[in-house]
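Have a look at the structure below before the remarks.
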4 protein chains.
Amino acid sequence: MKSFSVVGGDLRYIELATFLSRDKNKRVFAMGFDKNVFTAADVKLVNSSSREENRADYIILPIPAAKDDNHVNANFYTGDIPMKSLPQLLHEGGTVFAGRMTPAHKKLFEDKGISVIDYSEREDFAVMNAVATAEGAVQIAMEETDETLSSQKILILGMGRIAKVLIKQLVGFSTDITAAARKPQDLEWAKIFGGKGLTLSKVFENLSEYDLVFNTIPAMILDETKLIKMKKSAVIIDLASKPGGVDFEAAARLGIKANHALSLPGKVAPVTSGEVIAKTIANILIERGEDYE
Amino acid sequence: MKSFSVVGGDLRYIELATFLSRDKNKRVFAMGFDKNVFTAADVKLVNSSSREENRADYIILPIPAAKDDNHVNANFYTGDIPMKSLPQLLHEGGTVFAGRMTPAHKKLFEDKGISVIDYSEREDFAVMNAVATAEGAVQIAMEETDETLSSQKILILGMGRIAKVLIKQLVGFSTDITAAARKPQDLEWAKIFGGKGLTLSKVFENLSEYDLVFNTIPAMILDETKLIKMKKSAVIIDLASKPGGVDFEAAARLGIKANHALSLPGKVAPVTSGEVIAKTIANILIERGEDYE
Amino acid sequence: MKSFSVVGGDLRYIELATFLSRDKNKRVFAMGFDKNVFTAADVKLVNSSSREENRADYIILPIPAAKDDNHVNANFYTGDIPMKSLPQLLHEGGTVFAGRMTPAHKKLFEDKGISVIDYSEREDFAVMNAVATAEGAVQIAMEETDETLSSQKILILGMGRIAKVLIKQLVGFSTDITAAARKPQDLEWAKIFGGKGLTLSKVFENLSEYDLVFNTIPAMILDETKLIKMKKSAVIIDLASKPGGVDFEAAARLGIKANHALSLPGKVAPVTSGEVIAKTIANILIERGEDYE
Amino acid sequence: MKSFSVVGGDLRYIELATFLSRDKNKRVFAMGFDKNVFTAADVKLVNSSSREENRADYIILPIPAAKDDNHVNANFYTGDIPMKSLPQLLHEGGTVFAGRMTPAHKKLFEDKGISVIDYSEREDFAVMNAVATAEGAVQIAMEETDETLSSQKILILGMGRIAKVLIKQLVGFSTDITAAARKPQDLEWAKIFGGKGLTLSKVFENLSEYDLVFNTIPAMILDETKLIKMKKSAVIIDLASKPGGVDFEAAARLGIKANHALSLPGKVAPVTSGEVIAKTIANILIERGEDYE
């Protein structure tokens, strides 16, 4: 029977612990939560001074793992959990799963022979999150507009994972979806997914045609010179991480609704987001040949 | 140059008048609105004592056309518009477009040689509204759940227009969609649209499997004996018109989230809903051979 | 244990008998086949002089049921099976399933208290056949063209069952599919299925745009005045039953490839076509409350 | 006005030359064709002793470029074109486009200051060919089976480009498509494209379920130990390049239909395949900033 300690994190980690606890072959501990938010689930709240019986085989830390140089990132906890208090909470041969851990924190574990695995850099994690992010973007688009998606001319900037999933999801609603990208193969993928593929320069020539624009390009792509060409009634959903790809001030000035939609999976689908982390860790354990199903 | 008088109605009729007014070959009047909600559009607010210059070729009334035995149904108007004041506002040979008008009101116009056409009973109107309704249902489902659609097992009860469009839209998200209906051809259509087709009795045997249920059947289909078999965490979106197809009290008692989603097109997409009415009327005029494009 | 006699028919009826025989709770007889084409299946070849032990509960006749005024339509049989020899081959209370049987032949059975059911007129049968027909049309289109479907501008004339399924299937390949029909609701359905919807008159104005045309309208829709506007390299697949909707002579003269694709389900997918008949009969029996699963 | 010399190749290169010649801003020469197969197109047949007026800016060679150590690969030519005769047929600063050219041949051009670009290794070329290959695989599957795709349980082995496109295309027909791959992210992509994603080991446990199998994995994946578990009536389409991923002898012995479908794009869609090469070269020229549209 393997044991997992979920230490810190946001809503997704509550769901993660809850999800893990449904498997009767796992014991689940949680630390870094002010009160027992796991009443319905079989999760045992422990603390860093915990005794032998609360040691786990795996510790799961959030993304990013730390809130400052010394402490775990724990949104639901008013106290502090020193990163250096964690090694003693692991069984011999235990593993730490963490997102974007600093080299210094990593060293802290590795010096004690504990391996640290960054689940946030994995491709499976990225693809599963892309699905949830695209869905969240569709939801926001529906909420921000007084028109149906079916009646709108839609533009997607970029053709990475999220953009691909977005086309697939939007094709159920609209028959007028264009994706703009630089690489010719990306324009072909746009067609395969059911949209039109155009170069960015072609799209910029006709920006006034589009009613709804999703940006996934992490660069200032819709600056004032571009925004000025758009419909006043257009709606922009920017999915690029901070600082985003839209000049939001200019958009406000021009009366164009622009929504910087950040951290979507956790916001619109915390349960699924927690499960995505659990599944990624399961994939890692399976790949390492550990007994997991 | 044809003229249209939009008399009464809800938000959709404001959008309808706005939409019509964008065509420079049409003159648009509005009546039954307390203040000028059409500032941005070229719509002239008139009243029932209006003179010759405000007479129109067509009057458009809402669904239902009347709020009581004598007056037009006008949500944005605190006063009263007598139905019998309307004939004088039409040009010779004019036509009234109205939804679900009573025979008595109809007679009032027809006695004066004015034809009354119920646009709400047309198939094109029904199909266009089904698209907007299904989209609204998807939006509500996204808002009511903490999981992605992609991760849920979805059930659709019924296989009419709305259910068909729903499958098509949901297929972009989930690969696990079942539609339940009585007629064997409907089960085939479910497959064609990308879902599974099961008889209602088969589905009722395994109700506990589903995470998200859309009901489109206008009958008490999910009574307590059915609800009791469902997951506590299930979410139900009932699209059947009043009284709906779900025992909402029992659902509340059982802790199952059930949302009676009524009048969706107007609520989630008033602009599109207004355009749908405009397009339906355009279709009617084209079929009658009137000069319209 | 119910028994079925499959009497006459084409390849589909061999598959139908084979399919039925896989169910160990059914006994299957066949008549009207020169030699035993059912070697692999548990089907007993009988003849019209058969004794009591070969009587069946149900007789299944093809579409059309008769080849002339007196005899069953039996492609795989050199002899003749008189229609009037069949009643004695049924058990008391037996039923005949037949396609497009003449009133005179029907009377022959009904006079003896035997009910005759036309399975070919049912909606479930029509929908299942539409799926197989559309698939066959896609196959022929692939075979007739040296281009991919993905690279062609595709036109579908009509928006009945087959046209709807065709759009759904073609959307997997091409993002440029237009369906043309008269009724405005059909243009909306075209959009719902993933294509563009245009009126026939709009399409006829731009016929030269299309590379591949599927016709499903049972009327002379592509006469010489239309063909003359098309690309010489265009390919037409006519799915309308005889005489079809294309002036094939004019097409030949103009060098346009036009293929009158008749009886597709039986030709391209005889196994599925046999199963479709079996499923339709199963649906009928279930509706009649007979013990069948 | 730029000039192109298409030298050698199969049917696709005839179509490529024809396609290029439709642009009135290009001059097109062809060499390595026994007779004028370009009658309808504005392509000038030249020979290797050609004078100045027949020199081109670009030479396009096939994939592979050579048939032996010294000569161009030219299916439609009974004579020999020495590779070393080509440099003199280029204008100063000209470029050679070739597929899988040997280092020795490459050197032959580069020593004279002529750059050689391998268009066959580009991602855009690979994606466009994947679309045509997948379509060809669907056509073969339709031809090889007596059932509709809609009625079959379909398995796709692998989740590279071709497999992804295949799912997308097949989803229009069947709601029961499974893709099997090793990487967890590939199983997620299978779901995004509309299928089920399973690990190879899970699929191998239930191989007897599938009616139609497409293999895209370039390794002996369906050896006798696997084939023995499959339905006798199953059909396998192997898309892996030689020697393929199926033990064809064992399949024959077991009575399983297995089709090694090689070079599909050129066979089932030569016109599109020629255009794919033309578009790839256009993409290269655009990326190099040459004047091309």
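The values are calculated or read from the model by the stated rules, or taken from the named source; none is laboratory data. Quick caveat, the model's predicted, so the values are computed rather than measured. Reconstructed Cβ throughout: ideal geometry from the backbone, glycine too, with neighbour counts over all protein chains shown.
Answer yes or no: is there a residue in region B:209-218 that is surrounded by fewer than 22 Cβ atoms within 10 Å (Cβ to Cβ), free of Cβ contacts under 8 Å to residues at least 60 places away in the same chain, out of contact with any strand residue (DSSP E or B) (no Cβ under 7 Å at 6 or more places or on another chain) and more than 14 Å from chain A (Cβ to nearest Cβ). Yes - at least one qualifying residue is present in region B:209-218. The residues on offer are B:F33, B:F38, and the sole one that is surrounded by fewer than 21 Cβ atoms within 10 Å (Cβ to Cβ), farther than 17 Å from B:T95 by Cα and not β-branched (V, I, T) is B:F38. If you go through region B:21-62, how many residues are within 19 Å of B:E290 (Cα to Cα) and among the aliphatic types (A, V, I, L, M)? Residues meeting the conditions: 4. Among the residues of region A:2-60, those that are more than 20 Å from A:G266 (Cβ to Cβ), in a loop (DSSP other than H, G, I, E, B) and touching a helix residue (DSSP H, G or I) at 6+ places or on another chain (Cβ under 7 Å) comprise A:D42, A:V46, A:S48, A:S50, A:R55. Only residues that are touching a Leu at 6+ places or on another chain (Cβ under 7 Å) and farther than 21 Å from C:K26 by Cβ were counted across region C:49-86, and they come to 3. The helices (runs of 4 or more DSSP H) located wholly in region A:193-293 that include 1 or more residues which are polar (S, T, N, Q) occupy A:200-205, A:224-227, A:270-287. Every condition in (1) farther than 22 Å from A:R182 by Cβ; (2) surrounded by 14 or more Cβ atoms within 10 Å (Cβ to Cβ) is met by A:M230 except one, and the failing one is (1). Taking region A:41-78 as the range and being farther than 20 Å from A:G94 by Cβ, loosely packed, with under 13 Cβ neighbours inside 10 Å and not polar (S, T, N, Q) as the test, the residues that pass are A:D68, A:D69. Close contacts from region C:242-266, counting a first residue that is crowded, with 18+ Cβ neighbours inside 10 Å and a second that is of a type in the set (S, T, N, Q), with Cβ to Cβ under 6 Å and a gap of 6+ residues or different chains, come to C:G245/C:N215; C:L264/C:T133; C:P265/C:N129; C:P265/C:T133; C:P265/C:S273; C:G266/C:S273. The set of residues from region A:1-26 being charged (D, E, K, R) and touching a residue at least 12 places away in the same chain (Cβ under 8 Å) comprises A:K2, A:D10, A:R12, A:E15, A:R22, A:K26. Counting only residues that are in a loop (DSSP other than H, G, I, E, B) and farther than 17 Å from C:F4 by Cβ, region C:61-81 holds 12 of them.
Selection over region C:176-203 of residues that are in contact with a Ser or Thr (Cβ under 8 Å, 6 or more places away or on another chain) and within 14 Å of chain D (Cβ to nearest Cβ) gives a count of 2. Only one of the numbered conditions (1) touching a helix residue (DSSP H, G or I) at 6+ places or on another chain (Cβ under 8 Å); (2) of a type outside the set (K, R); (3) at pLDDT 95 or above is not met by D:S174, and that is (3).
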